[in-house]
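Each value in this text was obtained by applying a stated rule to the coordinates, not by laboratory testing. Source: prediction; values computed, not measured. Quick reminder, even Gly has a Cβ in these numbers, built from the backbone with ideal geometry, and neighbours come from all protein chains shown.
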Amino acid sequence: MVGLAYDLLANPQGAVRSTFEKAVASSGLDFNPASLDGKDWGALDLFRQFLSVQTHLSQVPILNGETIKWVQPNTLVRFRGMIQDMLGNEFYVGAFKDGDVWRTNKFMDVSHFPMPMASTSSPHMRVWERRLLYCVPVPGRNSWTEPSSESLVNRCVDCSSQQREKRRRMDDEPVDHMDMLVSDEGFQGSPSTKKMKEDGHPSMSSQTTEPINEGICSHMSMVPSIDSDSLPCLVKIYDSPESDLKLNDVFEFIGVLTFDAEVSMDKDDQDELSIGFSEDVLVHLPSNKVPRLHCLIHRKLTVPDFLHSSPIMEPKPHVVKEIREALLRHLTAVLGDDSVAAHFMLLHLLSRVHTRVENIAVGKLSLNLTGFSKESVSLFGHRLSLAVKDLLPVTHCIPLTVEYLNAASLAPIKDYETNRLITGVLQLAEGSHLIVDETQLKAGTLNSVGVDNTRLLKNLMELQKLLIISEGKSNILPADIVIPFQPTSVDSSEVVAAEALEAWRWYLATVKSLPHSIESEMQKVVENDLVEARQSDRSIGSQDFNRWLTMGRLMSVSFGENCLSLEHWQMVKELERLRRERLK
């Protein structure tokens, strides 16, 4: 990366323009602008190579409600978030001929060069499209997964200082709007962009965007009402298959940040274009509240990606066993020295849905801890909730009451008038952990909303893993495992060292993904035990067998083992015996 005429961090659009000009020049007089439709001309490889170096990647600021006050517009940023809504496609002028020179507007909102008047069918202009994704910080993401605000701000300030020095040496370039009105007569000098709804019907949008100068802006007043933990982002995706990005997936997007510190909209234009998709994007997503990110590179994130300070090691059995024993002691202390409940809690935390067969989620192990009272839940329930938050990156807790069921919006709902998805409490990222507290639930009457929410929670139980805390067995949420909670101590649990927490987080994120199998000899032992159990108790059915097999797999991986051993199978049988004794 020696000798570049541009800075990939401070001036990524310069890199895009430079690679575009080289691609055009290499084609000579035979250049056909249509050859670049929906394609990359080398810009993305440049950024991939640059960002493959960890020291370079670490210099890219992470965009959130704090750093948005400091980062410079038109610079390279990272945004980590969940895709909460997919807003369809946006058409824009991707390339145009400026005199004898071809220019590109890719990865930007406004053109850096004057735009000519031209027809939509003109050979001197190419109309391309990009996808619009409304992304939000991952719901329920716990604070320990985030870098400290101080370090982020310091990094942004340092980066901004360097960029100011560089930009003082840059001449101002003329700026013109690239968002042009698409009509039968051609592109007019109107700050509008043709957009398409998800159903494929085009509609119009009018976004009054003042030219953005690459100099220093007053960022402190840009987002006066944004919560530091809830900054959304409108991500613009280029040349990527639709199958790569799905609703509720969590991604890291790296691209060019654009925003307007002050957005003004002419009322007449707003009234004229105030229906459908355009009103949604322009009125409800103003760029001073929802920054735009023109995505260059994106990657899907998994749980290990949030463990920024956890140790990197191989999950060898002897290492895993030591961490397992320490974590089990911690869970036992949190649960008032109830070791049986702690063992089931460990298996529950390690469970995950690894496949689905005919609407059956294979691998999940939902848990219902019963025997809680209003008094005990304030102690042990609170402890348990904090412990889970300290161990898992994304957690939620729902205090279930009749009033909550009758009023809450749990499921996302599509608003077809605005073509927007109205989010719900349970629009969560994959791998989220949900605790439902039923100890406040009293007898009452459910309205239509409450009935729908109850049905939704029951369906969720069949597809995901949940932890239910209740006085008696939950009638609303039938769990895979029901075990009465029997604490013998009320002493507060010990203070946990940061190193131990990091090791436990790594353990839970790593061993649950280990491959697992049952060898033929052990398979015969399991089959014989299942037949024997069925003969002694006719109430045992296929659901019990599936649960035991899941517990066997989880017990094995909890020790870092890939195959079920006789010892671990015996441990599963003993746990099940102790649980059934409590249920008598």
Exercise. Per residue, how much space in cubic angstrom lies within the convex hull of the C-alpha atoms of region 403-445?
Worked result: 79 Å³
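Cβ under 10 Å from residue 365's Cβ, residue 365 left aside: what net charge do those residues give with Lys, Arg +1 and Asp, Glu -1? Provide the component values of the computation, followed by the final result.
On the way: positive: 352, 364, 465, 547, 553; negative: 480.
Neighbourhood net charge equals +4.
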For this session: Rounding to the nearest 20 debye, state how big the charge dipole of region 414-481 is about its Cα centre with +1 on each Lys and Arg Cβ and -1 on each Asp and Glu Cβ.
Result: 80 debye
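List the GluC sites (Glu not before Pro) within region 340-447 that DSSP assigns to loop and that have no more than 14 neighbouring Cβ atoms inside 10 Å. Walk me through the numbers before you get to the answer.
Working: sites: 358, 375, 403, 417, 430, 438; in loops: 358, 417, 430, 438.
Loop-located and lightly packed - 358, 417.
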Exercise. For region 348-395 and region 414-451, what is the separation of their Cα centres, given in Å?
Worked result: 18 Å
Exercise. Which of the chymotrypsin sites (Phe, Trp or Tyr not before Pro) across region 26-131 are loop residues per DSSP, with 15 or fewer other Cβ within 10 Å?
Worked result: 31
Exercise. Using θ = phi - 60° and the Karplus curve 6.51 cos²θ - 1.76 cosθ + 1.60, what whole-Hz ³J(HN,Hα) does each residue of region 66-82 get, with Gly and Pro shown as x?
Worked result: 8, 6, 4, 6, 10, 5, 7, x, 6, 10, 7, 9, 10, 10, 10, x, 9
Exercise. Which whole-Hz couplings ³J(HN,Hα) result when phi for each residue of region 17-34 is put into the Karplus expression 6.51 cos²θ - 1.76 cosθ + 1.60, θ = phi - 60°, listed in order with x for Gly and Pro?
Worked result: 5, 5, 5, 5, 4, 5, 5, 5, 5, 5, 7, x, 6, 8, 4, 10, x, 5
